[in-house]
Every structure is written in C-alpha cells, then in structure tokens.
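Peer 1: I have a structure I would like to understand better, so I am pasting it below and will then ask my questions one at a time.
The values are calculated or read from the model by the stated rules, or taken from the named source; none is laboratory data. Just so we're clear, the structure is a prediction, and the values are computed from it rather than from any experiment. Neighbour counts are summed over all protein chains in view; Cβ atoms, including those assigned to glycine, are modelled from backbone coordinates with ideal geometry. Please note that ligands, DNA and RNA were not included when accessible areas were found on the heavy atoms of the full protein model with its side chains. Shrake-Rupley method; radii C 1.70, N 1.55, O 1.52, S 1.80 Å.
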Amino acid sequence: GLEIELRANPFKGFEAVAGFGYIDATFNESLDSAGDEGIEGNDLPYVPDYTYNLALQYRFPVGIFARAELQGFGTTSFNHENDIPQGAYALFNARIGYEREDYGIYLYANNIFDTEYLTTAFDFGFLGEIASFGAPATYGLQVRTKF
C-alpha cells in the first residue's frame, strides 16, 4: 500500500489538506478459516482499493470559520467471494461557524449531495442480502465549549 498526505498554510488563517491512500489487499491462499475455497486473489472485505480526501478551511480574524471537504472511497466488497460489492463513491461536507478560544457555534452539512452507499452487507442465504446504508444528507447545529 501507499499513503500520502499534504498540508499547506499558504497564508494566515487558510489551511489546505489533501490525502490519498492506495492498498492492494488480497488473499494469498485459496482456503480461509471458514473453509471457503477459490478466494485466492480476491480482495479483502471492507478494504477499499483507495481513499482520498481534500479539505479547505479558513479562519477569519474576527472568529468566522468555514470548511469544505471531500472524502472519497474506492470499490470495496463485503465478503470473501467479492460478490457483494460497493462501488466507488464520494461524500461532500461543509461547516461554517463562529469560534473563539473557549467556544464555537457551527452550522454543518454532511453528505450534502445525499450519496447512497453501503457500510456493511451480508448474504443470509435464503433470506437474501441484508445491508446497512451510510448516513444520508445530514444538517445540523453544533455548539462546543472548553472549560
């Protein structure tokens, strides 16, 4: 695998972060502990081919804070046979608020474009496949304090 992260502060208050990770995680034997055969070369479950992120944020001198971020995930599978896949997807999040050293108040939006994606899935034989979806578009207010 390979992972790289870049962080830049080109001027006061502004921060840019970018990251990319790649992994080639495959089974190197054809028999697993559950007795499944023929999985040699298959991808490990729950391990995306790649991940990436990009975030831009700015803290204004008067206390206003703004951030936008993109998180991406490559193709993954939820079982050893790789026949319950999740295709590549990306999530876009944003946050704006007012903050001081000891407190902050923010409006946030996660998964702004309401991307549908699976976080887990199982094949229950005659019951079929059962899956859990990731969080839909979520908006809210956050208040934080330090004391």
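Peer 1: In Å and whole numbers, how far do the C-alpha atoms of the chain stretch along each principal axis, longest first?
Peer 2: 62, 34, 31
Peer 1: In whole percent, and with a 1.4 Å probe on the protein chains, what portion of the accessible area of segment 3-147 is carbon and sulfur? Working shown, then result.
Peer 2: Numbers: 5600 of 9570 Å².
Carbon and sulfur atoms account for 59 percent of the accessible area of segment 3-147.
Peer 1: With each label point set 7 Å from Cα along the Cα-Cβ vector, what nm distance links Asp123 and Ile105?
Peer 2: With each label placed 7 Å out from Cα toward Cβ, I get 5.3 nm.
Peer 1: Among Phe147, Leu118, Gly19, which residue has its Cα furthest toward the positive end of the charge dipole of the chain, with +1 on Lys/Arg Cβ and -1 on Asp/Glu Cβ?
Peer 2: So the residue furthest toward the plus end is Phe147.
Peer 1: Students often check this: by mean Cβ neighbours within 10 Å, which of 108-114, 131-137 ranks highest, and how do the rest follow?
Peer 2: Values: 108-114: 14.7, 131-137: 12.1.
Order by mean packing, descending: 108-114, 131-137.
Peer 1: Relative contact order for the chain: what is it in percent, counting Cα pairs under 8 Å that are at least 6 residues apart? Mind dumping the intermediate values first?
Peer 2: Details: 342 pairs, mean separation 22.8, N = 147.
Normalised by residue count, the contact order of the chain is 16 percent.
Peer 1: Grab every C-alpha pair in segment 1-80, bin the distances at 5 angstrom width from 0 up to the longest one, and report whole percents.
Peer 2: Percent of pairs per bin, in order: 3, 13, 17, 14, 11, 10, 9, 7, 6, 4, 3, 2, 0.
Peer 1: In nm, to one decimal, how far is the Asn9 label point from the Asp24 one, both placed 7 Å along Cα→Cβ?
Peer 2: 3.8
Peer 1: Enter the accessible area per residue of the chain (Å², integer; probe 1.4 Å; all protein chains in place).
Peer 2: For the chain, the per-residue accessible area is 67 Å².
Peer 1: Give the longest segment of the chain that steers clear of trypsin sites (Lys or Arg not before Pro) in DSSP loops with at most 15 neighbouring Cβ atoms within 10 Å, not counting the sites themselves.
Peer 2: Working: sites that count: Lys12, Arg100, Lys146.
Free of exposed loop sites, the longest segment is 13-99.
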